[in-house]
Structures are given as structure tokens and as C-alpha cells.
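I have a structure I would like to understand better, so I am pasting it below and will then ask my questions one at a time.
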């Protein structure tokens, strides 16, 4: 089962070779190691914004996929947020923005909510009675094998699953000279990884992977694929029967205590909503977000965020503050020099005033 173009698989070898160095760096900069990364974010009443932006410095051995995995991000997250940075050879000491702040998609606030436009899964639950959310990067179906939009439920769960490749996938591989067996048992060669949860109405799965380098890409046959450590955390949390809503929202407006935020992602490859309808769709989202809650909006900034499509929440409603002005300048293409910051603390990346 091909997950990514062949040349990208070299990065998997890089990851194994430098794993110990990566974990040491994670400890130094305050990012948890992959196996310990799962965390929940508090849901504040009346707020649609969670998380915080941060920056880290790359090491000589790093790729953006290495940094992404340590930070709970995927490939597209990192590439969008760091334009101009080589994803496979960023270099020593390059400041990398971690886009770990999110506007929650419009949709259910219970169970699983998947937004395929941002390659991200949200799981809403409670911690000692308080509403919280955990969020994870995912891979989704490619253009000819789309991940199904709509309301679903968890039909069944299986640890150490056996993969039975459908006839269509076996035929696709056979055309390339790769003959798949009718069943692949649990183990390191199983593309499902160690855990799988089947969705109602579709036959598709939320599952792990044996090739994590592909997380955050549009590369699956319709299933939702997660890092091994993420599905290991999620699997026991989600009960059979839990609701799963899958949406496609490249434009997200959301409220926080200090105003209205906008987060924009590119349309997926093959998405019928791409093109000239983009701004029309964005305006429809704005109308829904501000119904009964009017906002004073900086429309030139909205246009800049829409054009940049960096996948980073930007405050576009209400009086702009210094940090917002700097982020606005960045997404508009002025790229002010960033001050270094470490770890995942802080409400925003800090920029010097001009």
C-alpha cells in the first residue's frame, strides 16, 4: 500500500537514524516525546480558539517531518506555516513556526470531529467534568479515494488488526507489479498499524500506520491515518457508538475573548469548492460566525489571510493589537524577523515592532 512518493520514504530512514537526537532535542525545548505527547486543551466558554503558537530552532539533522511529529503536527501544517523553508533540509538553527493554535471547526462538540481541509482530528471529551479537546494530525484520502464527508459512528474497534486489502487496492498494486496478499497479519508490515476503528456507513477506518512519514498528507485510500502514538492514546478513549463527524472546512471563523479570528487553508486537490467560489464560501462562513454577534472586521486583513492560506489563526475582528499587527504583516508577505522562542508556551509568536 503506497503511502507517499518513493523518494519521501528516505525521510523514514532519517527519522530512525536520528531518533535519539530528536528525543534529546524534544526534552531541551519542552516538547514531549512522541509516546508521551497526547494532551487535552481546555474549552473556554464562548471561545472557539485553542492552543498556542510557538517557535523552535532546527538542528542540522532535522526535517520538517521530524519537527512535526514531535510537536503533534503533520507535513502540510509545517509546510504552510513555514513558506520558503526546505521541508527536507531546513538547515541548522533555522527558526521554525509551530502552528499549534487552532480555530475549532464548525460542527459537533462531542465525540470525534474531523476537518479534512486541515488534515486534523479533534476529540471532544471531559476531564474531571470540564470540557476539553485533544487534537491530532491525520492523513486523508487522495483525490480519487476521497474520505467520506458526513455523520458517522464508531462501528467497531480492533487492536492488532489484520488488513484485508480490497480487490480495488490489490488491482491497483498489481498494475505496478506489486502483488498484495489477501491478508496481512498484525506486525511491522501491516499498513493499519496497531489499532483500527471502523466507521458506520462507509467501511473506512481510523487507524495507525507503519509509515508515519506520510501523516499530514492527502495519500490514503479514504481512511483516516494517525501517528502510532496518537492512535494508541485515542483508541481506548473513544467508545463504540461514539459520533464521528467529517467536514471539509478550509475557512474557519471563530471567537475568542479578544475578538474574531480567521484561519484559512488551501482547498484539497480535486476539491470542487476551489477556485472562484473561495471568497464566496469564506463570506458565508463569516455570516454564520457573526450571526447575533456582530464584529468590526479589518477586510484588507481578511483578504491577506485568505490569499496567504498559512493555516494560522489571525485576529481579524476588533481593534488590532501589536502582536496581531505583526502577524498581519507576516501573512501579507512583509515577513518581519522573528525573535526566537522555545517550547510551546505563550499565546502567540512574538515579533519586534518596526
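Filter the range 109-130 down to residues that are within 18 Å of the chain's Cα centre (by Cα) and not in a strand (DSSP E or B), then give me how many there are.
5
Any residue that is under 30 Å from residue 126 (Cα atoms) and either in contact with a strand residue (DSSP E or B) (Cβ under 7 Å, 6 or more places away or on another chain) or modelled with pLDDT of 50 or more (or both) - is there at least one of those in the range 22-29?
The answer is yes; a qualifying residue exists.
Now a separate question. Exactly one condition in (1) surrounded by fewer than 17 Cβ atoms within 10 Å (Cβ to Cβ); (2) outside the structural domain of residue 206 (by TED's automatic domain parsing); (3) out of contact with any strand residue (DSSP E or B) (no Cβ under 7 Å at 6 or more places or on another chain) is not met by residue 129; state its number.
For residue 129, the exception is condition (2).
Exactly one of (1) under 21 Å from residue 235 (Cβ atoms); (2) outside any strand (DSSP E or B) is unmet by residue 140. Its number?
Just one mismatch for residue 140, condition (2).
If residue 241 passes every condition in (1) part of a loop (DSSP other than H, G, I, E, B); (2) in contact with a helix residue (DSSP H, G or I) (Cβ under 9 Å, 6 or more places away or on another chain); (3) farther than 22 Å from residue 81 by Cα but one, which one does it miss?
All conditions are met except number (2).
Tell me whether the range 158-169 contains one or more residues that are buried (at least 17 other Cβ atoms within 10 Å of the Cβ), touching a residue at least 60 places away in the same chain (Cβ under 8 Å) and farther than 29 Å from residue 73 by Cβ.
yes
Answer yes or no: is there a residue in the range 193-215 that is farther than 15 Å from residue 112 by Cα, touching a strand residue (DSSP E or B) at 6+ places or on another chain (Cβ under 6 Å), crowded, with 22+ Cβ neighbours inside 10 Å and modelled with pLDDT under 95.
yes
The values are calculated or read from the model by the stated rules, or taken from the named source; none is laboratory data. If you're wondering where the values come from, they're calculated on a predicted model, not measured in any experiment. All Cβ positions, even for glycine, are placed from backbone atoms using ideal geometry, and neighbour counts span all protein chains on display.
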